[in-house]
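The values are calculated or read from the model by the stated rules, or taken from the named source; none is laboratory data. Just so it is clear, the structure is predicted and the values come from calculations on it, not from any experiment. So basically every Cβ, Gly included, is an ideal-geometry build from the backbone, and we count neighbours across all protein chains shown.
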Amino acid sequence: MRPTCPGPLLVRLAFVLGNLTATNDRNRKALLPKVPILVETLDAVHVRYLKDDGQRSDEEAPGDILVKLVRLIANTAMHANVGAVLGESPRLVCLLDVLDRATTSTNDEELVLNVLSCITNLSFYATESTSANVITRHRRRLAATLAPFLEDSNDEAVVEAARAFGNLTRFPDVLADMAKEEAIFSLLVSMLDHANRDVVIHVCGVLMNAALDGRMRCRLHETQIQGNIVDARNVLVDLFRRAGLRDLPMSAIVCKVLFNLMLEDTEYASTPPGQLLAATLDELLDAIQDEEQEDEFQSVAKALLRALHR
């Protein structure tokens, strides 16, 4: 695979390799030595895509090539070693340019979803200690670019944006930017009632990180939604009661969010929602007390219960 490959051949190569790396970690690792070529090819095709006027019919459209190529890179990024190396490729900032262009087109929905998935997978490797990571370096621009996708009509786009925000909110400056936007709090809390379970799970991940910041925590205690002041903890208690033992992964992450939201707070436990939460925790812990497979839920539920009783 080279940037100079004919378009039709490039599409087929990327398609086949994308399938081979979709679920096979060994195949992903096998492409580690080819990361520079993948990035070089992506960068070259992205330039052609930005210049494309849609008039050429004698070769494969750059957008079609990008769909397959970005999917391939997203798949390979799921291997820890490959993902870390990809993340340190500065030229991958071109993904943001592709996303900006693709969102203005009505024909590039698949490309948008693939770019979102790729960015999300790469963001997993972005931390404060990885200063060379392309997502780390462009995290604030990326967060601003992704924010509108939280309200997208396509649930897949919402899930990917929420997943990425779950990683980006590990950075204090991203949280500081969010703290300036009142609307983001209203949106995130209202998304706890989203019909798509995956959306709710990943929004909880965002809130779990956000709640570690004192300013964000206070905002989430009093969020304005449609003219009403809403405490995110109350919304989470309702969600926790609905999930219960039927959805323990959901219940576990909700407990983690609630635990963080109650840091340095000793008053919530005495409120009616706080008392209801404690009673529900007692009830659920009693119901699963002999089931070893539920260790993760029991651990976070007991920690939350101790926080309520302190």
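Only one residue in MET216, MET178 is within 30 Å of ARG71 (Cα to Cα) and at pLDDT below 95. Which one?
On the way: MET216 fails: within 30 Å of ARG71 (Cα to Cα).
Going through MET216, MET178 in turn, just one is within 30 Å of ARG71 (Cα to Cα) and at pLDDT below 95: MET178.
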Next on the checklist: So, LEU207, is that one surrounded by fewer than 20 Cβ atoms within 10 Å (Cβ to Cβ) and modelled with pLDDT of 95 or more or not?
Outcome noted: no
Checklist entry - Mind checking which residues of segment 153-169 are surrounded by fewer than 18 Cβ atoms within 10 Å (Cβ to Cβ) and not in a helix (DSSP H, G or I)? => result SER153, ASN154
Checklist entry - Does segment 112-124 contain at least one residue that is closer than 15 Å to ARG163 by Cβ, of a type in the set (A, V, I, L, M) and part of a loop (DSSP other than H, G, I, E, B)? => result no
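Sort out which residues of segment 87-105 are within 12 Å of LEU42 (Cβ to Cβ) and either among the aliphatic types (A, V, I, L, M) or not in a loop (DSSP other than H, G, I, E, B) (or both), and write them in order of number. Explain how you work it out, then say what you get.
In the first step, residues of segment 87-105 are kept if they are within 12 Å of LEU42 (Cβ to Cβ); the result is 89, 91-95, 97-98.
Those that are within 12 Å of LEU42 (Cβ to Cβ) and either among the aliphatic types (A, V, I, L, M) or not in a loop (DSSP other than H, G, I, E, B) (or both): ARG91, LEU92, VAL93, CYS94, LEU95, ASP97, VAL98.
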Next on the checklist: Filter segment 1-51 down to the residues that are of a type in the set (S, T, N, Q) and surrounded by 13 or more Cβ atoms within 10 Å (Cβ to Cβ) and list them by number.
Outcome noted: ASN19, THR21, ASN24, ASN27, THR41
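Report whether or not GLY63 is of a type in the set (Gly, Ala, Ser), at pLDDT 95 or above and part of a helix (DSSP H, G or I). So that I can check it myself, show each step before the final result.
Details: of a type in the set (Gly, Ala, Ser): yes; at pLDDT 95 or above: no; part of a helix (DSSP H, G or I): yes.
Judged against the criteria, GLY63 is not a match.
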Checklist entry - In segment 170-186, how many residues are among the hydrophobic types (A, V, I, L, M, F, W, C) and outside any helix (DSSP H, G or I)? => result 1
Checklist entry - Inside segment 138-152, can you point out the residues that are under 18 Å from CYS94 (Cα atoms) and crowded, with 17+ Cβ neighbours inside 10 Å? => result HIS138, ARG139, LEU142, ALA143, THR145, LEU146
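If we only count helices (runs of 4 or more DSSP H) wholly inside segment 220-310, which ones have 3 or more residues that are within 24 Å of the chain's Cα centre (by Cα) and within 23 Å of LEU187 (Cβ to Cβ)?
Values: elements: 232-243, 248-261, 272-287, 295-309.
The qualifying helices (runs of 4 or more DSSP H) are 232-243, 248-261.
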Item to check | Candidate set from segment 100-136 (those that are out of contact with any Phe, Trp or Tyr (no Cβ under 8 Å at 6 or more places or on another chain), closer than 14 Å to LEU69 by Cα and not acidic (Asp, Glu)); member that is surrounded by the most Cβ atoms within 10 Å (Cβ to Cβ) | outcome: ILE119
Checklist entry - If you go through segment 220-234, how many residues are closer than 19 Å to LYS256 by Cα, in contact with a strand residue (DSSP E or B) (Cβ under 9 Å, 6 or more places away or on another chain) and buried (at least 18 other Cβ atoms within 10 Å of the Cβ)? => result 1
